[in-house]
Amino acid sequence: MLKDGIYEQILNQEILDQLKKIDPETTNYELEELDADDSRQLLTIYLSQVIRSGLHYLRDSFKSGEDKAALIAQIRLANSIIDQVAQHTGEADYEDLQILEQGEVLTSIYHKLTQSQKITPIRPQTSIVENALFTGSKNEPSMLSEIKKEIASSDQVDLLVSFIKWSAIRPLLGDLEAFCQKAGHQLRVIATTYTQATDYKAILTLSQLPNTTVKINYETDHARLHAKSYLFKRETGFTTAYIGSSNLSSAALTTGLEWNVKVTEQESFDIVNKFAVSFESYWNDPSFETFDPDQEDCRKKLQTELNRYKANTFHLETSIRPYNYQQEILDRLQAEREVYGHYKNLLVAATGVGKTVIAAFDFKRYLAEHHHARLLFVAHRQEILEQSLQKFREVLNDFNFGQLLVGQYKTDDVSQLFVSIQSFNSEKMADLLPSDYYDFIIIDEFHHAAAKSYQKLLSHFKPKILLGLTATPDRMDGQDILQYFDGNIAAEMLLGEAIDRQLLCPFQYFGITDNVDYSGMKWSRGQYEVSELENVYTANDARAKLILRSLDKYSNNLEDIKGLGFCISVKHAEFMAAAFNQAGIPSAALSGQSSYSDRQQAKEDLTSGKLKFIFVVDLYNEGVDIPAVNTILFLRPTQSPTIFLQQLGRGLRLSPGKDCLTVLDFIGQANRHYNYEAKFKALTGPGHALPYEIRDGFPHLPAACYLELEPVAKKYILANLGQNAANKTGLTQQVKTFSEDTGLEL
């Protein structure tokens, strides 16, 4: 009897007979047509099962001691199948594939150099035809012993591992030396400096072997390579690969309870081929750098990276370098100026990509050619300026570089100045300095520059280079900041690309059904009335409990949470902090009115774990880095994609032990003037953030991310999208798909 569940079963007479017995009133089943292009693999798997069963049946039909007769019977069955293939294809070549009845298997061919030479083939204990699983059990060969034999019988070896220990290379060294000394053989190794677990001696020794190339990935803060895999290529067509959990360490290859699958070219050609193709893509990726043992800078770089967290002192002479993706952006900026003559440049890059570091390297390059260049760096918050100045000092390797003019910071030296736009205006700098005083002007969070407060600065100064930085160039008021850059974006790396490159943490977004009905709330100047929202939120213990229940439901461990909650007002933030504290979750409330020391202390307490949540209003939207944040609560309606992505970006920084960001967005029944499209497109659409991939007419997030909407929250969104469909927003197909998925009539 067929059991309930999913299948991918080719329909045969047996299955058809069982399906005919099914009562269509109580049971339904689905059939789909076998695609001619995809049929080869399914038919091969099906036939292998039938043939295996038939061969097993034949073997069992013979008595003990009739082994030869049983073998001949199985060979004849196989040959009859080959006959059928030859007849159906009309290819005579298949007749040469008939199995000889003496039943022998070719196991090796080696040419002897001399008449008297005797060659003893070395082969793995496990088959090079059948797949196998290694679990570290004492009853199976050790990974170390098998790898030694795989090396001895291969023509090319590709190793892709997170780290390499000398304890693993030492027992393999003799085998690797013998392998690498043979003409035509090649050893390629990819490793990383992740967690500084790799031994320098292991890399140095491998790189000194003949016919060997070693590549190292140093970008362990961004592109964390966790793969542990080994490919043993054989020109005979019997390539094997090991994929699993074992790095090149003694424990992993011998005593550790590591699991590894051995796949063979003969049984799993597609997997082995994908392994080879993926390895080649890494091999040709510039983020994997060749380690040349004869180059002092290569040796020094590897030693420095492997000892990065072991050193007791910080050496100022150790300068930082741009990551490869940052260098790509720097090259684009240079091309804009040198090739196209554009010296007003806008850099659009997602939060966490390192716009400030890129700007610092850009200025460093300019400073190398113009030794007395004057710099003006403008932002709108003190925290941003402090962090930016620190980054510039690190990049320039000059810890006396630059002065701050913001808040309590005062200076008479304005030649290398990091200033807030408020201080710039209050000090009347545009009236005091000539228009050509600054050679290089950088304006951070440039989407603010359309505001009136920036106009005096932009209209007065005529720098050699103007560099704007922003993660979100779009403004809800429709003003176009590209006008300051001749309508051109010099370089960009949007959120989806940054996540795909593993520069930012992936997120899991959950749309939670809110118990607040916004449909009848007052709508003014394109938004809900703040006072009305505040009254509803701060008199709503049930909503606070809903938020706490949702947090408990969707978070992994409350003890490990480091969260930000975005609120509508100071009173709302204080209400939420009080509710969380009462529930035993240490929390604080902050706003733009909070003192600088209070903001800094809260930031430190959240990072250390003393606080679990900070509830904020008009704060932490941008420019403030708290990499440890792993949970975001959207506790107010946010229609602006700019603000939404800025707030989302507060949790996208990479941080040790943080595998993804959890996002809880509370979604209620909206006012008909509100439009979920902007937020929806910010998450999934082409305009603001992520790669726009269409599957079944619906845009999806990158594979690393996840989106889930609770049923009622989804209905609220659908209803709102339906109300706005007349605006021709481009969501017609999304609405249709949502409707079909939920059964909601729009």
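Miscellaneous remarks
- If you go through segment 94-138 and keep only what is farther than 20 Å from Tyr242 by Cβ and in contact with a Leu (Cβ under 8 Å, 6 or more places away or on another chain), you end up with just Gly103.
- For the criterion of being more than 30 Å from Tyr674 (Cα to Cα) and either assigned by TED's automatic domain parsing to the domain that holds Thr513 or buried (at least 23 other Cβ atoms within 10 Å of the Cβ) (or both), Leu606 passes.
- When Lys522, Lys562 are screened for being surrounded by 18 or more Cβ atoms within 10 Å (Cβ to Cβ) and of a type in the set (D, E, K, R), only Lys562 passes.
- Segment 447-467: number of residues that are modelled with pLDDT under 95 and part of a loop (DSSP other than H, G, I, E, B): 1
- Members of segment 418-446 found to be over 38 Å from the mean Cα position of the chain (by Cα) and small (Gly, Ala, Ser), listed by number: Ser423, Ser426, Ala430, Ser435
- Number of the exception - Tyr438 against (1) farther than 30 Å from Asp541 by Cβ; (2) crowded, with 19+ Cβ neighbours inside 10 Å; (3) in contact with a helix residue (DSSP H, G or I) (Cβ under 9 Å, 6 or more places away or on another chain); (4) aromatic (Phe, Trp, Tyr): (3)
Every residue, every condition in (1) among the polar types (S, T, N, Q); (2) free of Cβ contacts under 8 Å to residues at least 40 places away in the same chain; (3) farther than 23 Å from Leu619 by Cα, yes or no:
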| site | (1), (2), (3) |
| --- | --- |
| Lys545 | no, yes, yes |
| Leu551 | no, no, no |
| Leu558 | no, no, yes |
| Gly565 | no, no, no |
| Met576 | no, no, no |
| Ala579 | no, yes, no |
| Pro586 | no, yes, no |
| Ser591 | yes, yes, no |
| Tyr596 | no, no, no |
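- Scanning segment 315-335 for residues that are in a strand (DSSP E or B) and modelled with pLDDT of 90 or more turns up nothing.
- Residue in segment 142-154 that is small (Gly, Ala, Ser), surrounded by fewer than 19 Cβ atoms within 10 Å (Cβ to Cβ), without any contact (Cβ under 8 Å) to a residue 12 or more places away in the chain and out of contact with any Gly (no Cβ under 8 Å at 6 or more places or on another chain) present: no
- Residue in segment 18-27 that is under 29 Å from Ser268 (Cα atoms), out of contact with any strand residue (DSSP E or B) (no Cβ under 9 Å at 6 or more places or on another chain) and outside any loop (DSSP other than H, G, I, E, B) present: no
- The one condition from (1) surrounded by fewer than 21 Cβ atoms within 10 Å (Cβ to Cβ); (2) under 31 Å from the mean Cα position of the chain (by Cα) that Leu367 does not meet is (2).
- Screening Gln479 against (1) part of a loop (DSSP other than H, G, I, E, B); (2) surrounded by 16 or more Cβ atoms within 10 Å (Cβ to Cβ); (3) not assigned by TED's automatic domain parsing to the domain that holds Ile667 leaves a single unmet condition, (2).
- Boolean, Tyr509 is under 18 Å from His572 (Cα atoms) and surrounded by 17 or more Cβ atoms within 10 Å (Cβ to Cβ): no
- Filter pass, Phe418 being buried (at least 18 other Cβ atoms within 10 Å of the Cβ), within 21 Å of Pro627 (Cα to Cα) and in contact with a Phe, Trp or Tyr (Cβ under 8 Å, 6 or more places away or on another chain): no
- Of the strands (runs of 3 or more DSSP E) lying entirely inside segment 126-192, those containing at least 3 residues that are farther than 29 Å from Glu219 by Cβ are 132-134.
- Matching residues in segment 522-551 - criterion: being touching a Leu at 6+ places or on another chain (Cβ under 8 Å) and within 17 Å of Lys571 (Cβ to Cβ): Tyr537, Ile547
The values are calculated or read from the model by the stated rules, or taken from the named source; none is laboratory data. Keep in mind the model is a prediction, meaning the values are calculated, not measured. For neighbour counting, all protein chains shown are included, and Cβ atoms are generated from backbone atoms with ideal geometry for every residue, glycine included.
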